[in-house]
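S.K.: The following block contains the structure, expressed as structure tokens.
The values are calculated or read from the model by the stated rules, or taken from the named source; none is laboratory data. In this text, all values refer to a predicted model and were calculated from it rather than measured experimentally. Every residue, glycine as well, gets a Cβ built from its backbone with ideal geometry; the counts of neighbours run over all protein chains shown.
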Amino acid sequence: MAGRGRGGGGRGRGRGAMSFNVEQLGFGAGEALPGPVLQPPPLYPPLERRPVPLKSGSEVEYLLALKRDYVEFLKYSPAYVLPAAKVKDIERYSDYKNVETPNKNGALDYDWKRFPMELRPVASVVKKKRPPPPPQIKGKSSKKVRFAEDVSTKLDELEKLEEQGDVEEKSEENKEEEKEEGEQQEGELEEEEDQDEEMDDGTDYVNNYFDNGESYLDEEDDNLDDGPVY
Amino acid sequence: MSVDCGILCSKIILEHFGGVVKTVAHDLFKVSSKTLSNIVATTKLQRSQVIECLRILVRYGLVTYKVSLQNPKIPEYSLSYEKVLLFPRYVRYMLLVKTLYGDEAELLIEELLRSGSEKASSIIVRATTRLKEIKKGCKEIPQLIIKQEDLFMSPSLSLKELTQMEEGHPEVPANDVTLRVNFDRFHQEFRDNIMISAIKRRIDDNAGELMRVILQQMYIRTEAWEPISNPIPVVEIRNAVHKVKTNPRLAQHLDQYLKVLDEDSSNFITKVADSGGGQYVVNIREAFIQLSWAAVENIVEERFGSKAARVFRLIKSKHFIEQEQIQQYALIPAKEAKLITYRLLEECFIQIQELRKSMSSAGPNKTFFLFHIDIDQVVKKCLEICYKALTNSMVRRQHERDEHKRLIEKQQRIESLTANLREQGAPADQIDELEELLTPLENEALERVRIMIARLGEAELRVDDNMFLLQLYLMYSNCK
């Protein structure tokens, strides 16, 4: 009501001057404006007119055949990098179903002089130097926290091996800094697995409490006095 | 670059090199350069995988490295996205080489494109083995060398003796060179072909021939990528035309053709001096400005209709024009003219320039709104449209292939089986039985898919054509 009054008063007093001339906007007062937009524009707006037809010919077919060959060649070449094989936690049925084996016709040979140092292949001598990694607790690079076991003998062994391993590692690290990171990662995986097996020795999980029930029937006669077994 | 460009690059790399390389490339696209450890950190792939991807990308010339600013010992890698965009054009390079130099050269180029960059000896050996498989007779190696030196920009030199040694003996010769395809030379050929076909369309086949001769003469005195050539005397042109001999009419009417070319509004060639019978200059930059205008006008016409094209050409000729004048000159009813103008404005084909008569904002101001075209902007916008179109086409092609993957595989298996049977000379009924495994319905579906994929592939080639033209324009307009 107040708005109406004010609006009526405004209109009555003479046209309010706006800073731009309405006509200049491109539409006059009173012309039908396009309606309110209620939803986003369609994802595939209909084509207003047909596109010019493509000119086919033998040339184009030849080009297409060439392109198909090219893409196929690349797909089966070692240039097509496959994602790293996932570490199998459990054997899954899908592993047998979808076996992708593209034909890697030999590794590509590169002219190593044109590549920076870090891309060149690591000399294989380095890999073998490291002894089979003993279970050790590497403070700086272990990702999960491993808590020490209760068995004191195990602790002593570990400490000795750790000292050995650390010294060796440091000397190796000083020699090649970056190239070893890949190997280190693999080494870590192995060590973590070893630690897993080690861990279980002292705990309850390893001790075999399983009773397969064969002796159940035999003992039935003797246990009448004992009462319920929890 | 822009997001659309990035998406296109990723799609191209995905199609050719797989998902892992794509992740690395996409990562590099977003920054100007990155170190290896950075890449490993952001992509969360294993370091060995990233190294593998980088090796491949460097080998194919898609990634370059230079010393990083922070630490002089570590290289930083950057993606050359222009090289990635060249992939759809590879087949055209192969075709060009085939038409110019023959089948053997085409095989050479194909081998080189397949492996990115490689030692010359291995390429030659592979190409000759393929040749031997295809045809029983094999052309001599020296012929192959000649083509190489024309087209390849090798980091070093010629290898005549080496290759002759190589053919018989599978040893690697000592000073072997690594070869890489010289894309610039290919682009030069494409550019010339564009100009020649433009003249052919506009005037005459003979005029096209004349243009070709003039361009050949131009290369004697001018660098390949200059915007304007150095003057070419008529005498040379005349001699060259007489040498060619395939076109007697051209020789007869040479002068007339030259005059026509000179006076043509497209300004491909202009006469600059009269000494020596006349000196002509090829305006390459001018030519490409004209060609891009034509391309853009056609795009407007196809997208928005002929009335919009009329409005566009009107604005082009008048440079700055008001809305009312558009209605008047274009002879289009007011409302429609307004709709069209604003639609073009929305799509960034034209721009608005405001001219205020007074800076105060009190009272009704008479502000002029002038429409004009900024051709650089429009060309960039058209390039973006091309990127999007190419991406869409590739995605759709992939989608079609995935949808009918089972069918396609079945067909391939049946084909290979029938081929084997035919070789072994099995009776016709077995072959027929096998072929009947594919029902007519499936056959129809397969045919439709095949046609669709072929059409999309063709569309990609045409879009690439367009992209080439627009990119050339931008290059020339930047280099001034």
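S.K.: Can you name the helices (runs of 4 or more DSSP H) wholly within region B:225-283 that have at least 3 residues being out of contact with any Leu (no Cβ under 7 Å at 6 or more places or on another chain) and of a type in the set (A, V, I, L, M)? Walk me through it before giving the result.
M.R.: On the way: elements: B:234-244, B:248-252, B:254-263.
Because the criterion is at least 3 residues that are out of contact with any Leu (no Cβ under 7 Å at 6 or more places or on another chain) and of a type in the set (A, V, I, L, M), the helices (runs of 4 or more DSSP H) in region B:225-283 that meet it are B:234-244, B:254-263.
S.K.: Now for a different question. Among B:Gln471, B:Gln412, B:Gln398, which is the only one that is more than 30 Å from B:Ile350 (Cα to Cα), within 24 Å of the chain's Cα centre (by Cα) and either surrounded by 16 or more Cβ atoms within 10 Å (Cβ to Cβ) or within 14 Å of another protein chain (Cβ to nearest Cβ) (or both)?
M.R.: So the residue among B:Gln471, B:Gln412, B:Gln398 that is more than 30 Å from B:Ile350 (Cα to Cα), within 24 Å of the chain's Cα centre (by Cα) and either surrounded by 16 or more Cβ atoms within 10 Å (Cβ to Cβ) or within 14 Å of another protein chain (Cβ to nearest Cβ) (or both) is B:Gln398.
S.K.: B:Lys335 is checked against (1) surrounded by fewer than 15 Cβ atoms within 10 Å (Cβ to Cβ); (2) within 14 Å of another protein chain (Cβ to nearest Cβ); (3) in a strand (DSSP E or B) and fails just one. What number does that condition carry?
M.R.: If we test B:Lys335 against (1) surrounded by fewer than 15 Cβ atoms within 10 Å (Cβ to Cβ); (2) within 14 Å of another protein chain (Cβ to nearest Cβ); (3) in a strand (DSSP E or B), just (3) comes out false.
S.K.: Within the group B:Val24, B:Val67, B:Val91, B:Val58, which residue is within 12 Å of chain A (Cβ to nearest Cβ) and more than 22 Å from A:Phe73 (Cα to Cα)? Walk me through it before giving the result.
M.R.: Details: B:Val24 fails: more than 22 Å from A:Phe73 (Cα to Cα); B:Val91 fails: more than 22 Å from A:Phe73 (Cα to Cα); B:Val58 fails: more than 22 Å from A:Phe73 (Cα to Cα).
Result: B:Val67 is the single residue among B:Val24, B:Val67, B:Val91, B:Val58 that is within 12 Å of chain A (Cβ to nearest Cβ) and more than 22 Å from A:Phe73 (Cα to Cα).
S.K.: So, one more: Please give the helices (runs of 4 or more DSSP H) falling wholly within region A:1-113 in which 3 or more residues are farther than 30 Å from B:Val463 by Cβ and either more than 12 Å from every other protein chain (Cβ to nearest Cβ) or at pLDDT 75 or above (or both). Walk me through it before giving the result.
M.R.: Details: elements: A:2-13, A:58-76, A:93-97.
Those helices (runs of 4 or more DSSP H) span A:2-13, A:93-97.
S.K.: Take the residues of region B:1-32 that are of a type in the set (Val, Ile, Thr) and out of contact with any Pro (no Cβ under 8 Å at 6 or more places or on another chain): which is farthest from B:Arg55 (Cα to Cα)?
M.R.: The qualifying residue farthest from B:Arg55 (Cα to Cα) is B:Val3.
S.K.: When the residues of region B:439-466 are filtered to those that are more than 14 Å from chain A (Cβ to nearest Cβ) and under 22 Å from A:Ala65 (Cβ atoms), which remaining residue is surrounded by the fewest Cβ atoms within 10 Å (Cβ to Cβ)? Let's see the steps before the verdict.
M.R.: Step one: list which residues in region B:439-466 are more than 14 Å from chain A (Cβ to nearest Cβ), which gives B:439-448.
Of the ones still in play, those that are also under 22 Å from A:Ala65 (Cβ atoms) are B:443, B:445-448.
Values: B:Asn443: 13, B:Ala445: 15, B:Leu446: 16, B:Glu447: 10, B:Arg448: 12.
Checking each candidate, the answer is B:Glu447.
S.K.: Can you name every residue in region B:276-292 that is small (Gly, Ala, Ser), surrounded by fewer than 19 Cβ atoms within 10 Å (Cβ to Cβ) and either under 33 Å from the mean Cα position of the chain (by Cα) or closer than 18 Å to B:Thr222 by Cβ (or both)?
M.R.: B:Gly276
S.K.: Here is a further query. Which of (1) under 30 Å from B:Val3 (Cα atoms); (2) in contact (Cβ under 8 Å) with a residue 24 or more places away in the chain; (3) assigned to a helix (DSSP H, G or I) does B:Tyr342 not meet, given it meets every other one?
M.R.: The single condition B:Tyr342 does not satisfy is (2).
S.K.: Please determine, by comparing only the residues of region B:69-99 that are crowded, with 16+ Cβ neighbours inside 10 Å and part of a loop (DSSP other than H, G, I, E, B), which one is nearest to the chain's Cα centre (by Cα).
M.R.: B:Leu86
S.K.: Could I ask something else about it? Quick check on my filter: what residues within region B:233-249 are more than 31 Å from the chain's Cα centre (by Cα) and of a type in the set (A, V, I, L, M, F, W, C)? Before the answer, list the steps.
M.R.: Of the residues in region B:233-249, the ones more than 31 Å from the chain's Cα centre (by Cα) are B:233-236, B:238-239, B:242-243, B:245, B:248-249.
Residues satisfying the conditions are B:Val234, B:Val235.
S.K.: Please work out if B:Ile74 is of a type in the set (Val, Ile, Thr), at the interface with chain A (Cβ under 10 Å from one of its Cβ atoms) and under 26 Å from A:Trp112 (Cβ atoms). Please lay out each step first, then the result.
M.R.: Details: of a type in the set (Val, Ile, Thr): yes; at the interface with chain A (Cβ under 10 Å from one of its Cβ atoms): yes; under 26 Å from A:Trp112 (Cβ atoms): yes.
In short, yes.
S.K.: From the set of residues in region B:346-394 that are among the polar types (S, T, N, Q) and exposed (fewer than 14 other Cβ atoms within 10 Å of the Cβ), which is farthest from the other protein chains (Cβ to nearest Cβ)?
M.R.: To start, the set of residues in region B:346-394 that are among the polar types (S, T, N, Q) comprises B:351, B:353, B:358, B:360-361, B:365, B:367, B:377, B:391-393.
After this cut, where a residue has to be exposed (fewer than 14 other Cβ atoms within 10 Å of the Cβ) as well, the list is B:353, B:358, B:360-361, B:377.
Numbers: B:Gln353: 14, B:Ser358: 11, B:Ser360: 9, B:Ser361: 5, B:Gln377: 22 Å.
Within region B:346-394, the match that is farthest from the other protein chains (Cβ to nearest Cβ) is B:Gln377.
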